[in-house]
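The values are calculated or read from the model by the stated rules, or taken from the named source; none is laboratory data. Given the structure is predicted, the values throughout are model-derived calculations rather than measurements. Quick reminder, even Gly has a Cβ in these numbers, built from the backbone with ideal geometry, and neighbours come from all protein chains shown.
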Amino acid sequence: MRHVVVLGCGRVGSGIARDLVLRGTSVAVVDTDPATLDRLAGDGITARVVGAASDEGVLRAAGIERADAVAVVTGDDAVNAVVARAVRTVFRVPTVVARLYDPAAAAAYEKLGINTVSPVAWGIRRIAELLTAAEVEPVTALGAGGVEMVDARVPPLLAGRAATEVRVPGEIELVAITRLGRTAFVDAATRLETGDVMHLAVVAGSIGRLESVLGRS
């Protein structure tokens, strides 16, 4: 069974922990506030450890040495950055994800092999896209929000055309379509039909380009 350590038990940390448990994952949660950890009682958490995320003894008590992944989501950017780096280099955890509100810091740590999520940067992009691309429905962000999954209905001008015509190399990839309630991956032979829902991977900032491809701008 995979073991994941979640450092920080605020709304994000506790939500991640509960979601991982539902996925059948062993989860240890660390926080300095015992009362916060108590709210996870009975949720199937493997271990609840009181202490600082930067304390080596606390990390070991949470099972860091056997962890397959670590989420560093305390409320302090500086702590998240330092701890994420230490977990990656000292304990050699294969997958480390840190929440960093500072987009510049997030970009720097991405270069060091640490996955980051910047709510500020992601939120700015998402709001801008929603304001300018109301006909394209956002579904989720991948990784730190550099790629978005969006849904869009096939417009009349693309009906009967090859699915490959929606593709823009490096910016837009049509991954799958849902037709009459059934979803399937697309290939070179796939033809689009009116009523199809397209599931697309779009590089952040390229929603406007997608709108152009769909003839909506």
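Would you mind stating whether GLY24 is at pLDDT below 95, under 22 Å from ASN80 (Cα atoms), out of contact with any strand residue (DSSP E or B) (no Cβ under 6 Å at 6 or more places or on another chain) and in the same structural domain as PHE91 (by TED's automatic domain parsing)?
Working: at pLDDT below 95: yes; under 22 Å from ASN80 (Cα atoms): no; out of contact with any strand residue (DSSP E or B) (no Cβ under 6 Å at 6 or more places or on another chain): yes; in the same structural domain as PHE91 (by TED's automatic domain parsing): yes.
Against the criterion (at pLDDT below 95, under 22 Å from ASN80 (Cα atoms), out of contact with any strand residue (DSSP E or B) (no Cβ under 6 Å at 6 or more places or on another chain) and in the same structural domain as PHE91 (by TED's automatic domain parsing)), GLY24 does not qualify.
Test ALA152 against the criterion of being buried (at least 19 other Cβ atoms within 10 Å of the Cβ), touching a residue at least 40 places away in the same chain (Cβ under 8 Å) and among the small types (Gly, Ala, Ser), and give yes or no.
Values: buried (at least 19 other Cβ atoms within 10 Å of the Cβ): yes; touching a residue at least 40 places away in the same chain (Cβ under 8 Å): yes; among the small types (Gly, Ala, Ser): yes.
So ALA152 fits the description; yes.
What is the residue count in segment 141-164 for residues that are modelled with pLDDT of 80 or more and part of a strand (DSSP E or B)?
So the count comes out to 8.
If VAL49 meets every condition in (1) closer than 24 Å to THR116 by Cβ; (2) hydrophobic (A, V, I, L, M, F, W, C); (3) in contact (Cβ under 8 Å) with a residue 24 or more places away in the chain; (4) out of contact with any Pro (no Cβ under 9 Å at 6 or more places or on another chain) apart from one, which number is that one?
(3)
Looking at this structure, is ALA104 farther than 18 Å from GLY75 by Cβ, exposed (fewer than 13 other Cβ atoms within 10 Å of the Cβ), modelled with pLDDT under 70 and more than 14 Å from the chain's Cα centre (by Cα)? Quick ask: steps written out before the conclusion?
Numbers: farther than 18 Å from GLY75 by Cβ: yes; exposed (fewer than 13 other Cβ atoms within 10 Å of the Cβ): yes; modelled with pLDDT under 70: no; more than 14 Å from the chain's Cα centre (by Cα): yes.
Answer is no for this residue.
Please identify the pairs in which a residue from segment 89-115 that is over 22 Å from ILE16 (Cα atoms) has its Cβ atom under 9 Å from the Cβ atom of a residue that is modelled with pLDDT under 75 and outside any helix (DSSP H, G or I), counting only partners at least 6 apart or on another chain.
THR89/LEU112; ALA107/ALA144
Among the residues of segment 173-203, what is the count of those that are crowded, with 19+ Cβ neighbours inside 10 Å and of a type in the set (A, V, I, L, M, F, W, C)?
7
Under the condition of being of a type outside the set (Val, Ile, Thr) and in contact (Cβ under 8 Å) with a residue 60 or more places away in the chain, which residue from segment 4-46 is surrounded by the most Cβ atoms within 10 Å (Cβ to Cβ)? Working first, answer last.
In the first step, residues of segment 4-46 are kept if they are of a type outside the set (Val, Ile, Thr); the result is 7-11, 13-15, 17-20, 22-24, 26, 28, 31, 33-35, 37-44.
So of that shortlist, the ones also in contact (Cβ under 8 Å) with a residue 60 or more places away in the chain come out as 7-8, 10, 13.
Working: LEU7: 29, GLY8: 27, GLY10: 14, GLY13: 24.
That would be LEU7.
Counting only residues that are out of contact with any Phe, Trp or Tyr (no Cβ under 6 Å at 6 or more places or on another chain), within 30 Å of ILE124 (Cα to Cα) and of a type in the set (Lys, Arg), give me the helices (runs of 4 or more DSSP H) lying completely in segment 1-108 with at least 1 of them. Show your work before the answer.
Details: elements: 11-22, 34-38, 56-61, 77-89.
Result: 11-22, 77-89.
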